[in-house]
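The block underneath contains the structure these notes are about, expressed in structure tokens.
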Amino acid sequence: MSRRLLGAVLLVAAGVVAVVGTFLPLYQEGNDQAGGSLTVTATSWDFVFSNLPAGMDLGPVQSPQYGVPIVVAAVLLAVAVALAFLPEHQRLAARYLAVGGTGLLTGAVWATGASVASAVGNASRQPDDSYTVEVGAGIVLLVAAVLVAVVGVVLLHARRPEPRPGGAVVYRVDGSDDDTDTPPFGIPVVDVAQLPDSEFDRRAEGS
């Protein structure tokens with residue numbers, strides 16, 4: 001499996017996991033009152049109250065809608081995967097969309113995690129132990145989706161290593177002002193100037 005294909009698979013998986021995580025509980029807080037346990041379950045879409053006192057029915061209450069940017073990010077990742085298999089000169093849009101979708105997903109999960117951390121912090125500041133907060137599986141899946149998306153983007157941007165040429169590599173520099181000739185293998189040949197004839201040589205030639 002190539003890096004690009006593996007990155008595309010991871011991006012699709014990240015988008016699916018993120019969307020599923022929006023429907024799972026982010027956290028659940030409860031307070032024991034009069035022998036009953038009043039609990040509030042928060043997802044990326046709404047708050048659900050359970051074990052309410054008799055005659056009280058609040059039903060689901062709309063949350064800040066953290067799921068909207070998460071779903072939009074998942075759609076961007078899916079489009080980026082579809083564009084990643086276009087010809088080489090058209091894949092730049094896929095890379096930009098993958099980065100944008102991952103950034104949007106990271107920001108949305110960061111905001112969602114901040115709300116979960118705030119709820120956990122409020123529980124720790126309560127004077128009694130009757131008020132508790134449990135972190136749900138939704139935030140765990142959202143964080144996992146961000147990590148998978150980051151790895152997918154890195155693999156999607158990875159380029160294939162260029163094949164190494166076989167045989168000897170010949171380097172040639174044109175337009176050099178050097179008077180020495182350079183053979184194909186890069187070893188310069190230096191012309192040695194001929195020494196003038198000595199007096200002994202001239203006498204030997206004249207005899």
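The values are calculated or read from the model by the stated rules, or taken from the named source; none is laboratory data. Quick caveat, the model's predicted, so the values are computed rather than measured. Cβ: placed from backbone, ideal geometry, glycine included. Neighbour counts: every protein chain shown. Accessible surface areas use protein heavy atoms only, side chains included; no ligands, DNA or RNA. Shrake-Rupley method; radii C 1.70, N 1.55, O 1.52, S 1.80 Å.
Each row is one residue, and each column tells you yes or no for (1) open to solvent by 60 Å² or more (accessible area, probe 1.4 Å); (2) under 11 Å from the mean Cα position of the chain (by Cα).
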residue: Glu88; (1), (2): yes, no
residue: Arg91; (1), (2): no, no
residue: Thr112; (1), (2): no, no
residue: Val135; (1), (2): yes, no
residue: Ile139; (1), (2): no, no
residue: Leu142; (1), (2): no, no
residue: Ala145; (1), (2): no, yes
residue: Val151; (1), (2): yes, yes
residue: Leu156; (1), (2): no, yes
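Go through segment 93-106 residue by residue and tally those that are over 13 Å from the mean Cα position of the chain (by Cα) and touching a residue at least 24 places away in the same chain (Cβ under 8 Å). Qualifying residue count for the region: 1.
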